[in-house]
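What follows is a set of notes on a single structure, which appears directly below.
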Amino acid sequence: MPQHEISRKLKISRHYVQQTIRKFNEFHTVATKPGAGRHSKLTNRQNRAIKLQQDGSLNSDKYIDILDKHLPTAFENFLPHSSHEILLQQDNARPHVSIKTRKIF
């Protein structure tokens, strides 16, 4: 999706869309490094939305890749500190309930 359409759809400046895409391409993340100067005007949610818009719509393969990348880290960070089970919530979106996704759970 072109950058101007992303900016219009998310109602944010094209400059911030360009900056976020450039940052992702350079550092492979949109997270702000601690103490990295001026605070971002975009929320983490807006940064993720830009990334998803840039890649197109979310499908089962992309969702599984996201889970493969982030679930192990989440388990490492939260399980040692919690005596409770971890519940993975989802909203019944197609990528969340596809046959491919259900096979990995």
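The values are calculated or read from the model by the stated rules, or taken from the named source; none is laboratory data. Small disclaimer: the values here were computed from a predicted structure and weren't measured. All Cβ positions, glycine included, derive from the backbone under ideal geometry; neighbour counts span all protein chains shown. When the accessible area is computed, the model is the full protein with side chains, heavy atoms only, and any ligands, DNA or RNA have been set aside. Shrake-Rupley method; radii C 1.70, N 1.55, O 1.52, S 1.80 Å.
Assuming R0 = 25 Å, can you tell me the calculated FRET efficiency for the pair D68 and L10, based on Cβ-Cβ distance, to the nearest 0.05? Don't jump to the answer; show the numbers that get you there.
Numbers: r = 27 Å, r/R0 = 1.06.
Step by step, r from the Cβ atoms, then E = 0.40.
Pull out a ≥ b ≥ c, the square roots of the eigenvalues of the alpha-carbon gyration tensor of the chain, then state rounded if a/c is under 1.5, prolate if not and a/b is larger than b/c, and oblate in the remaining case. Show your work: numbers first, answer last.
Details: a/c = 2.44, a/b = 1.39, b/c = 1.76.
It is oblate, given that a/c is not under 1.5 and a/b is not larger than b/c.
Taking 27 Å as the straight-line reach from the Cα of K33, the lysines in range (excluding those fewer than 8 positions away in the same chain) are K9, K11, K23, K41, K51, K62, K69.
What a 1.4 Å probe finds exposed on the chain is 53% carbon and sulfur by accessible area, rounded to a whole percent.
Given a Förster distance of 25 Å, report the FRET efficiency between I99 and N77 from their Cβ-Cβ distance, rounded to the nearest 0.05. Before the final figure, lay out the partial values.
Values: r = 30 Å, r/R0 = 1.18.
Computed FRET efficiency for I99 and N77 comes out at 0.25.
Helix 44-55 and the long axis of the chain differ in direction by around 90°, with both axes built from C-alpha atoms. In degrees between 0 and 90, to the nearest 10, how far off the longest principal axis of the chain does helix 60-78 point, with axes built from Cα atoms? For 60-78 against the chain, the angle is about 70 degrees. Accessible area per residue for the chain, computed on protein heavy atoms with a 1.4 Å probe, is 82 Å².
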